[in-house]
Amino acid sequence: MRPTRLAAVIIILICAAYAGTGGTAPLVAGAARQTTQGPGPSRPAGEAGQTSQQDTQQPAPNGQAQIPQASQTLKVQTSLVNVFATVRDKHNAIISGLKKEDFKIFEDGQEQKVAYFGKETDLPITLGMMMDTSGSMDRVLSAEQDAAVRFLKEVMRPKDEGMVISFDLDVDLLADFTEDTSVLERAIRRTVINTAGGLGPVTPGTVPNNNVGGTLLYDAIYLACHDQLATEAGRKAVIIMTDAEDEGSHLSLKDGIEAAQRADAVIHVLLMADTGFFSGVGMGYDGASVAQKMTEETGGRVIDVHNEKTLEKAFNEISEELRSQYVLGYYPTNTKRDGTFRKIKVEVTQPNTKVLARKGYYAPES
């Protein structure tokens with residue numbers, strides 16, 4: 001698939017984000033794949049669904065419109081919120097076999113009634129593989145490519161789809177949504193370091209960036225979630241292979257996290273940091289705390305990849321979590337359609353357990 005530049009839309013996104021226009025930014029690579037949403041877990045969490053009964057009024061004999069009776073029209077607006085959750089025991093093993101009554105779910109501190117419960121093992125997953133190709137990754141790019149290819153081959157199943165995005169001084173969509181892992185692998189192998197200031201080769205982006213060694217991590221997350229994943233249904237995960245250092249993004253970490261939350265996408269970070277690079281250029285390293293913030297707020301996890309052993313652990317843990325999720329659906333007691341952020345907390349009645357789930361969602365707006 002021909003690579004598509006994402007960076008050109010950043011200016012438009014900035015205008016939409018800060019001018020308060022409420023407009024929708026264009027898709028990064030054309031229309032995302034069409035999905036048909038059914039009931040239950042396939043509907044994106046937090047999205048409003050509307051059902052209505054058509055007016056049954058008949059024309060009055062005098063040709064004037066008849067005023068419908070109250071019983072003739074029923075319009076109901078509902079907001080089913082779906083929360084995917086993984087439960088582990090004190091030994092970090094996945095707990096299966098839990099029932100609806102084993103869970104409690106709270107929104108802004110108020111307990112909610114679980115209206116839908118299920119265990120999702122076969123629901124297709126949409127994966128966004130994001131690869132850091134900035135100067136700080138120069139010495140680990142080969143390992144990053146190998147890890148990304150192996151991850152996709154081990155995690156993806158029939159009907160799953162993936163895309164590949166690289167980010168550095170700009171953001172590139174290297175492969176749009178596809179089930180073909182060979183297409184995704186070729187895209188991963190095409191990644192090259194793109195930096196400036198003598199740190200490596202320079203590949204000019206569509207939107208120039210004057211930051212030396214810039215890494216548009218936050219912009220890339222926003223574009224991947226807002227422009228690509230937001231229109232996808234079902235389970236969505238963003239796998240970021242990075243040292244989690246941002247330099248030069250137009251958008252903030254908060255903007256990136258919000259885009260993921262609105263898209264109902266879970267962020268997992270495979271932390272691959274060349275700490276020697278940062279000491280060599282006189283920079284401090286704080287990527288671990290950034291990675292932790294992104295994953296905690298969206299229900300994912302950070303796995304620090306030091307060697308082959310920890311890499312295998314990363315594959316196993318994320319694959320387990322993607323394939324061993326419970327889904328809890330509820331209708332919020334707070335029915336206001338005000339677009340505000342609502343905090344979510346999921347608890348399990350069994351002792352010594354840990355629940356991995358997103359921390360909240362944005363209510364729909366009227």
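The values are calculated or read from the model by the stated rules, or taken from the named source; none is laboratory data. Values in this document were obtained by computation on a predicted structure and should not be read as measured data. All Cβ positions, glycine included, derive from the backbone under ideal geometry; neighbour counts span all protein chains shown. Side chains are part of the model used for accessible areas, which takes the heavy atoms of the whole protein and leaves out ligands, DNA and RNA. Shrake-Rupley method; radii C 1.70, N 1.55, O 1.52, S 1.80 Å.
Values computed for the structure shown
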| quantity | calculated |
| --- | --- |
| Hits in region 346-366 - residues which are under 17 Å from the mean Cα position of the chain (by Cα), closer than 30 Å to residue 89 by Cβ and part of a strand (DSSP E or B) | 356, 357, 360, 361 |
| Filter result (out of contact with any Asp or Glu (no Cβ under 6 Å at 6 or more places or on another chain) and open to solvent by less than 10 Å² (accessible area, probe 1.4 Å)) within region 119-130 | 127, 128, 129, 130 |
| Single residue of 309, 343 found to be within 22 Å of the chain's Cα centre (by Cα), farther than 24 Å from residue 219 by Cα and either open to solvent by 40 Å² or more (accessible area, probe 1.4 Å) or at pLDDT below 85 (or both) | 343 |
| Checking residue 94 against (1) at pLDDT below 95; (2) buried (at least 17 other Cβ atoms within 10 Å of the Cβ), the condition it does not meet | (2) |
| Matching residues, region 285-306, being assigned to a helix (DSSP H, G or I) and surrounded by 14 or more Cβ atoms within 10 Å (Cβ to Cβ) | 287, 288, 290, 291, 292, 293, 294, 295, 296, 297, 298 |
| Selection status of residue 238, of a type in the set (A, V, I, L, M, F, W, C) and either at pLDDT 95 or above or over 18 Å from residue 165 (Cα atoms) (or both) | yes |
| Conditions (1) surrounded by fewer than 16 Cβ atoms within 10 Å (Cβ to Cβ); (2) under 22 Å from the mean Cα position of the chain (by Cα); (3) in a strand (DSSP E or B); number of the one not met by residue 316 | (3) |
| Check on residue 182, modelled with pLDDT of 95 or more, more than 20 Å from residue 259 (Cβ to Cβ) and small (Gly, Ala, Ser) | yes |
| Region 125-150: number of residues that are assigned to a helix (DSSP H, G or I) and either of a type in the set (Lys, Arg) or closer than 19 Å to residue 223 by Cα (or both) | 2 |
| Filter result for residue 118 (under 20 Å from the mean Cα position of the chain (by Cα), small (Gly, Ala, Ser) and assigned to a strand (DSSP E or B)) | no |
| Meets criteria (at pLDDT 90 or above, crowded, with 21+ Cβ neighbours inside 10 Å and more than 27 Å from residue 343 (Cα to Cα)) for residue 216 | yes |
